[in-house]
1. Using the reciprocal of the averaged 1/r over all distinct C-alpha pairs, how large is the Kirkwood radius of segment 126-166 in Å?
2. On each of the three principal axes of the Cα atoms of the chain, give max minus min coordinate, whole Å, ordered largest first.
3. Can you figure out the FRET efficiency of ALA155 with THR112, using R₀ = 25 Å and their beta-carbon distance, to the nearest 0.05?
4. For segment 122-130, just list the computed ³J(HN,Hα) in residue order, Karplus coefficients 6.51, -1.76 and 1.60, θ = phi - 60°, integers in Hz, with x standing in for Gly and Pro.
5. Remind me, relative contact order of segment 8-133 in percent, using alpha carbon pairs under 8 angstrom and six or more residues apart?
6. ASP32 label point, 7 Å along Cα→Cβ, cut-off 14 Å on backbone N: hits in segment 110-128?
7. Would you kindly derive the ³J(HN,Hα) couplings of segment 151-168 from the backbone phi angles with the Karplus curve 6.51 cos²θ - 1.76 cosθ + 1.60 (θ = phi - 60°), listing them in order in whole Hz, with x for Gly and Pro?
8. Taking neighbour counts of Cβ atoms within 10 Å as a proxy for exposure, in what order, fewest first, do CYS165, CYS82, CYS152 appear?
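The numbers here are math on the coordinates, done by the rules we state, and not lab data. Bear in mind that the values here come from a model prediction, so they are computed numbers and not experimental data. Cβ coordinates were reconstructed from backbone atoms using ideal geometry, including for glycine residues, and neighbour counts include every protein chain displayed.
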Amino acid sequence: MHHDPASIETERLWLRAMRADDVDDLLTIFADPRVMASFGVGVFDRAQMERWVQRNLEHQQRYGYGLFSVIHKADGRLVGDCGLENMEIEGVAETELGYDFRSDYWNKGLATEAAASVRAHAFGHLALRRLVSLIRDRNLASQRVAEKIGMCQSANIVRNGHAYCVYSLTNA
């Protein structure tokens, strides 16, 4: 189970294992107020970004999967992250499918393309039974991505003082 994750290739994207040296490229995303507004938190500084990446690398080591760095094949840029993270939601252990993209690459269908490929990887290669996405109630674009890959809204919760929609999908 503790193996290097597969990389995933789609029509426009290459999803590869996140690396410690992705910090600066990821900071372009997480230091963008437009991106962070959708999470209801402030922008990251470099130290926060390093901790976030380190936490994902540890998750990767522990479970054999985690977040991929998403590379746009046409220009070679790291444009986002997409992948899986184990977390507890309302006292239940879940595997979340999450995604974050550079705001200058929004509205091109890239998050949907990446998320659909990770869903297929999770249900096929990893044989996971269920995925959830925890999305801020006002983040309509992210909710549309979840719906496009077959997820349905299954709950509304409050977490850390913020309202979230929980989307879920069970492997048939």
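1. It works out to 10.9 Å.
2. Its Cα atoms span 36, 34, 30 Å along the three principal axes.
3. 0.70
4. 5, 7, x, 4, 8, 6, 6, 8, 8
5. Relative contact order comes out at 25 percent.
6. 110-112
7. Per-residue couplings from phi come out as 7, 10, 5, 10, 6, 10, 9, 10, 9, 6, x, 10, 7, 10, 9, 9, 9, 9 Hz.
8. So the ranking, lowest neighbour count to highest, is CYS152, CYS165, CYS82.
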